[in-house]
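None of the figures in this text is laboratory data; all of them are computed from the coordinates on show. All values derive from a computational prediction rather than experimental measurement. With ideal geometry, Cβ positions are generated from the backbone for all residues, glycine too; neighbour counts draw on all protein chains shown.
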Number of protein chains: 2
Amino acid sequence: MKQKKAIVNKLRSSGLRPTKQRVLIAQNLFERDKTFHFTVETLNKEINKKGSEKVSLATVYNTVEAFTKAGHIKQILTSKSKSYFDTNIKSHHHFYDEDSKELTDINYNQVKLSKVPQPPKGKKIKNLEVVIRLQK
Amino acid sequence: MKQKKAIVNKLRSSGLRPTKQRVLIAQNLFERDKTFHFTVETLNKEINKKGSEKVSLATVYNTVEAFTKAGHIKQILTSKSKSYFDTNIKSHHHFYDEDSKELTDINYNQVKLSKVPQPPKGKKIKNLEVVIRLQK
DNA sequence: CTTCTAGTTTATAATAATTCTAAACTATAA
DNA sequence: TTATAGTTTAGAATTATTATAAACTAGAAG
Ligand SMILES: [Mn+2]
Ligand SMILES: [Mn+2]
Ligand SMILES: [Zn+2]
Ligand SMILES: [Zn+2]
């Protein structure tokens, strides 16, 4: 609501027209205090809550794809059956709670690696992510 | 072929009847030199290669599920669209080649962590896995 | 401001991976 | 040998996702 200008600029600067639907979704995603880990299904439910103007599921898919390509969100691998996305686009690690199936961010500097294998010849390390699985 | 007895015992000891199909699949999976990272699709192709007796796709799915439940293979997360499985059930790490989309094992002791965050209250660390993404 | 058009949204169809169903088959206990 | 619970199978159903194509709209150009 407040930073609508900023949202519109963010979209424009990545070549995305600030349509009603994209602005609505961007506000939901980026005007949060905490990192949001979500699937298209959960995002769609939030966006289409009672009272709000309806946005089609296809548009939610399209927008998530567009935001991912633009680097505003990133895809993460946690579930075998659904794609998950993350509003935290910095390199970081995760706790994955096996009971609740929920992800929590771990700051990059909260993990230190003192030994890492050499990448195979001709290949470079693009990034390194740690997933810590939790149980009760 | 050679260790058919061992395969049969492995199945029996986990409460699985050693049917023709399960033994065939188990031989393909467990009589290998190297770790095998696979999808149901690739496994099904191998199992149903020319000449061999046909096993239905449903059975390949059923068997992979049964072997996973029994702990003979484990599921891993690399692809957003397909389930991947691993014949290496020990805790270990992976290189993931973004170009070829191929996984390679990294021995557990090839990676050393000198700093790991505390798990949240009431939760224990079940395991910790590192994925190193590679690029050219 | 009006017009024009490429970009976007949308309902719906199509696809792909996986799971379900129920009938036929089989390993094995008795 | 028989009985039965477990297993296999073809095909249908389901679920997530992508494709299609017609209607709509942001915003550039006049
Ligand atoms: Mn979710
Ligand atoms: Mn594969
Ligand atoms: Zn995150
Ligand atoms: Zn592996």
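Structural remarks
- For A:121-130, mean number of other protein chain Cβ atoms within 10 Å: 6
- Segment B:50-75 versus segment A:1-48: alpha-carbon centroid distance in Å: 43 Å
- Shielding of peptide B:105-118 by partners, expressed as the average count of other chain Cβ atoms within 10 Å per residue Cβ, is 4.
- Taking every residue in A:87-99 and counting other chain Cβ atoms within 10 Å of its Cβ, the average works out to 2.
- Exam field: B:ASN9 pseudo-label spacings to other copies (7 Å along Cα-Cβ), nanometres: 7.1
- With all pairs of different C-alpha atoms in the average, the Kirkwood value for the hydrodynamic radius of the protein assembly as shown is 21.4 Å.
- By the rule of a C-alpha distance below 19 Å, with chain neighbours fewer than 8 residues away ignored, the aspartates and glutamates paired with A:LYS49 are A:GLU31, A:GLU41.
- Using C-alpha pairs under 8 Å with a sequence gap of at least 6, the mean separation divided by the residue count of chain A gives a relative contact order of 18 percent.
- Note that segment A:2-134 carries a Kirkwood radius of 16.6 Å, evaluated over its alpha carbons pair by pair.
- In nanometers and ordered shortest first, the copy-to-copy spacing of the A:THR35 label point, defined 7 Å from Cα toward Cβ, is 2.4.
- Segment A:48-110 shape via C-alpha gyration tensor axes, a/c threshold 1.5: prolate
- Cα gyration tensor shape for segment B:1-74, rounded if a/c is under 1.5, else prolate or oblate: rounded
- Above-threshold pairs, the threshold being 31 Å between Cα atoms, out of A:LYS4/A:LYS123; A:LYS74/B:LYS34; A:LYS126/B:LYS34; A:LYS74/B:LYS10; A:LYS101/A:LYS126: A:LYS4/A:LYS123; A:LYS74/B:LYS34; A:LYS74/B:LYS10
- Taking a straight Cα-Cα cut-off under 12 Å and skipping sequence neighbours fewer than 8 places away in the same chain, the aspartates and glutamates within cross-link reach of B:LYS124 are A:ASP97, A:GLU98, A:ASP99.
- A:LYS121-A:LYS20 FRET efficiency (beta carbon distance; Förster radius 41 Å; 0.05 resolution): 0.20
- Separation of the B:ASN88 and B:GLN135 label points, Cα + 7 Å toward Cβ, nm: 2.5 nm
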